[in-house]
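Notes follow the structure.
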Amino acid sequence: MPNKNSVHDTDSVPNGGFTAWLQVLGGFLLLFNTWGVMNTFGVYQTYYESGELFQESSTRISWIGSVQTFCLLFFGTLTGPIFDAGYFRVLLYSGFFMLVFGQMMLSLCTTFWQVVLAQGICIGIGTGLLFVPSVAIISTYFTTKIALAMGFAASGSGMGGVIYPIVFHRLHPAIGFAWATRVIGFMELGTLLVPLAVMRVRTLPPKVRKLIDWSAFSDLPYITYILGTLVGYMGLFVPFFYISYYAIQQKFTNENLGFYMLPILNSASVFGRLLPNIFADKLGVVNTMIPCSFVTSILAFCLIRVDNQASIIVCTILYGFFSGAYVSLPPTIMVFLTPDRSLIGTRLGQGFATISFGVLVSTPAAGAILRQDSWTHIWIYSGVLLFVAACSFVLVRKLKGSGGVNVGH
């Protein structure tokens, strides 16, 4: 007779209820302060490009955001097994401290390498400790509604990417870089108290914990999906990092509106992280991911042809919406490509750790090919990578056979 607290006991999963939806609220706020913080870097990139704090090239500046995103994803290789081992609250408290501490240290920075340490590494590690547990715990509370629950939680990352850039942009001219950054730190502190209070592990950990699930490397659909997402993430974040600078540098908008291009992109992404998940529960998560990824690729190419304020705003909104699936659906797809529920944390962790290496080189490579007189190459770079990723998702569907049509049911 199965232990009712075992992760193998799928029949006892509540699939809803007050406690389950409290976990979604907690996940929303964790993603608000992990991916939401990461999605804020574009406004910092634009600020650093101005040379007000330090003088560095676009390539070197983009390393800050790449290191931050790399840490967010790579630390999943440790946090996944630690979560599976039953140390969820240790991860929660550790990530809470590192994130807020890093934000406060960033407010004191005056040189490039200080910013790399505070914003890239310290904040990156903090977000990495919080990310995988935020999605892994939700998967233990839902079955048929998991894509919807993940979508609601993932929309928190978009909201963070809207609110934090606006806070920085509005406060920086009035109170300076240091205090604008501290205000964001206090906001992180306040919003993270909620998941600390409400999130609870529903199941006991399995007896055997693994740092790496070696069987995943012979699981062709899983490994194809991970490698495809790695390539996709290499192209995905280029507009997130550069859209504001693009609008201002090419004079499509004034400087004030140019700063708002990132919040516009992230606000559209809120809906893009929620609506596809509603359809995913009925159509299948891979089936939903495929069209979203192809359209995202096309929109990256469309950025080559924008030449005025209206066109860049429309393209930014559409890119934000369709790219939202890249944040909300991957955890759900990884869960459904993991037959053994006791390995969910491990597979999420090692999957995102693998993807992190693509993210690490992504935007610095884009910065290296950026030319002040032409942005064509950077958008081709983004679009081609996203197109290759979309094709790999089609392959995942075919590898799953007839089950691939409705993977996620």
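Every number here is computed from the coordinates shown, using simple stated rules; none is lab data. None of these values were measured; they are calculated from a predicted model. No Cβ is skipped: glycine too gets one built from the backbone with ideal geometry, and neighbour counts run over all protein chains shown.
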Which ranges mark the helices (runs of 4 or more DSSP H) fully within the stretch 14-96 that have 3 or more residues being under 27 Å from VAL167 (Cβ atoms) and in contact (Cβ under 8 Å) with a residue 60 or more places away in the chain? 18-32, 35-38, 41-49, 58-74
So if I check each of THR59, THR77, THR40, which one is of a type in the set (Val, Ile, Thr) and crowded, with 24+ Cβ neighbours inside 10 Å? THR40
Of everything in the stretch 362-385 that's among the aliphatic types (A, V, I, L, M) and farther than 20 Å from ARG60 by Cβ, which residue is nearest to the chain's Cα centre (by Cα)? LEU385
Residue pairs meeting the criteria (Cβ under 9 Å; at least 6 apart or on separate chains; first free of Cβ contacts under 8 Å to residues at least 24 places away in the same chain, in the stretch 115-143; second of a type in the set (S, T, N, Q)): ALA118/GLN103; ALA118/SER107
Taking the stated definitions as given, is SER267 farther than 18 Å from MET150 by Cβ and free of Cβ contacts under 8 Å to residues at least 60 places away in the same chain? no
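Determine, yes or no, whether TYR225 is more than 30 Å from ARG397 (Cβ to Cβ), of a type in the set (Phe, Trp, Tyr) and in a helix (DSSP H, G or I).
Spelling it out, it is not the case that TYR225 is more than 30 Å from ARG397 (Cβ to Cβ), of a type in the set (Phe, Trp, Tyr) and in a helix (DSSP H, G or I).
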Any idea which of (1) in contact with a Leu (Cβ under 6 Å, 6 or more places away or on another chain); (2) under 30 Å from VAL285 (Cα atoms) is the one GLN119 doesn't satisfy? (2)
Given the conditions (1) touching a residue at least 12 places away in the same chain (Cβ under 8 Å); (2) over 30 Å from PHE393 (Cα atoms); (3) surrounded by fewer than 13 Cβ atoms within 10 Å (Cβ to Cβ); (4) not basic (Lys, Arg), every one holds for LEU220 apart from (2)
